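Contents: one structure, followed by commentary.
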């Protein structure tokens with residue numbers, strides 16, 4: 001167990017779910033939640049389905065019922081505008097795409113443009129997360145990117161990377177079977193897992209293996225598909241190619257193995273009849289039908305969704321009470337992703353106290369979440385150079401903390417999402433925890449320069465938007481309610497109030513008077529400095545505590 005992340009005030013709370021949840025989790029099921037719907041429940045829902053829980057989003061959700069809130073979060077969104085040329089400078093000018101115009105339709109081979117475009121794409125991804133609408137979509141894009149992992153560094157054209165992300169966005173809340181087919185034919189995936197090299201004379205098993213092991217059925221099964229199944233699937237998938245001029249995929253019948261493909265008893269001894277000519281492409285549908293007939297496929301995907309959105313420990317009780325019913329819903333809905341997520345998020349199990357504050361934030365969740373929860377001002381989107389640089393600065397921080405979006409370490413994705421038994425605990429170690437604290441300390445006190453702009457937490461604005469900024473007790477309590485999923489002891493709250501907001505004073509009137517003086521004359525440097533300094537002390541302390549890293 002990682003002792004670095006034990007909360008300061010209640011050391012066993014986040015790990016109670018891990019150590020002794022079986023008896024408790026057995027009492028909660030997928031029965032629709034009928035308990036309290038208040039600020040803590042709204043914050044829990046938002047922190048799991050979005051990056052951070054902004055006060056404005058919390059307030060909005062509280063105008064809805066729980067069911068309405070989930071429905072809104074699961075509503076597909078309009079795709080964001082594509083990334084643009086933000087990279088022209090004194091040393092390089094894109095010969096085809098002007099500054100400020102999108103490069104995603106240019107498939108010409110400009111070697112010097114490939115690196116800048118890859119950085120532009122990564123920055124754009126972070127910008128989408130920061131500027132997300134009130135929807136689960138961005139959180140799901142990251143989930144499916146980890147599930148259908150590719151590495152942009154492994155293929156040459158960032159245009160293919162953009163189309164890969166667009167495919168994920170198109171199907172993130174759609175039909176999973178259609179999603180698998182689309183990813184099978186996606187040029188980035190065809191390149192990454194050698195699908196474009198798969199021929200009838202030299203079948204390549206790479207994608208056929210990962211299709212079953214990582215993308216659909218899973219590998220940790222008592223009865224398993226066989227190596228012959230992998231080889232047979234590889235033969236089904238022969239003939240798919242990438243047009244280098246358009247970066248689109250197509251089927252080349254001359255490279256397809258048109259013989260019959262026999263599968264094992266794991267797949268009920270299915271025989272996929274070989275087809276020739278253009279009809280050979282139909283074998284992919286036969287393969288997917290066979291895979292999706294396998295009961296394990298629905299359970300495997302539901303476990304991954306559960307581990308991402310609820311908790312990593314899927315014990316026998318969770319398997320019976322949660323995973324199997326979700327898998328039934330998945331199958332009966334025709335593999336509709338929204339149906340599964342709606343049932344999960346509206347359940348008593350999702351809102352169980354043991355399932356709150358038990359996930360360690362990923363670097364992306366940590367960084368994007370804090371920018372959103374504090375409403376940190378960023379350069380205007382019209383300031384293309386500055387906005388992309390600010391987004392990519394976030395990306396660089398995420399990389400040093402262990403999560404490089406668009407470049408996961410392997411086809412399996414990031415180990416924290418699958419590596420038994422640590423899972424999320426792998427995000428935190430002797431290096432990354434101090435780095436997280438350095439980042440938050442810097443954002444509170446000095447900010448991060450982006451050309452002439454400084455990205456910095458505005459503690460005064462954050463406090464002004466709390467329900468009662470004049471009352472130091474309320475300021476501490478409300479801030480903790482929005483930033484933490486685990487409450488802290490009253491003694492910890494008192495410590496933060498006295499040595500943070502009151503500067504060692506003993507009466508709450510000290511803060512009330514100081515805040516009133518600032519509000520009466522916000523341009524007065526002394527009045528401003530008094531409250532700003534104390535809020536900075538409080539915010540630094542709160543973000544340095546272990547509770548801040550839990551969602």
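Since every read-out is calculated from the coordinates, none of them should be taken as a lab result. In this text the structure is predicted, and so the values were computed from the model without any measurement. Positions of Cβ are generated from backbone atoms using ideal geometry, with glycine treated the same way; all protein chains shown enter the neighbour counts.
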Checklist entry - Which of the peptides 512-518, 244-250 is most tightly packed, and how do the rest follow, judged by the mean count of other Cβ atoms within 10 Å per residue? => result 512-518, 244-250
Checklist entry - What ranking do 400, 301, 323 get, fewest neighbouring Cβ atoms within 10 angstrom at the top? => result 400, 323, 301
Checklist entry - Taking square-rooted eigenvalues a ≥ b ≥ c of the alpha carbon gyration tensor, is the range 344-419 rounded, prolate or oblate, where a/c under 1.5 means rounded and, failing that, a/b exceeding b/c means prolate? => result oblate
Checklist entry - For the range 172-280, what does the alpha-carbon gyration tensor say about shape, rounded, prolate or oblate, given a ≥ b ≥ c as the root eigenvalues, a/c under 1.5 as rounded, and a/b over b/c as prolate? => result oblate
Checklist entry - For the chain, what is the mean residue ellipticity at 222 nm derived from helices alone (per DSSP H run of n ≥ 4: -39500 (n - 2.57); sum divided by total residues; nearest 500 deg cm²/dmol)? => result -14500 deg cm²/dmol
Next on the checklist: How tilted is helix 363-373 with respect to the longest principal axis of the chain? Cα atoms for both, answer in degrees (0 to 90, nearest 10).
Outcome noted: 50 degrees
Next on the checklist: Using only Cα atoms and rounding to the nearest 10 degrees, what angle (0 to 90) does helix 158-171 make with the longest principal axis of the chain?
Outcome noted: 80 degrees
Item to check | Rounded if a/c under 1.5, otherwise prolate or oblate - the chain, Cα gyration tensor axes | outcome: oblate
Next on the checklist: What do you get for the angle between helix 295-309 and the principal long axis of the chain? Use alpha-carbon atoms, 0 to 90 degrees, nearest ten.
Outcome noted: 20 degrees
Checklist entry - Alpha carbon centre of the range 488-513 versus the range 278-308: separation in Å? => result 57 Å
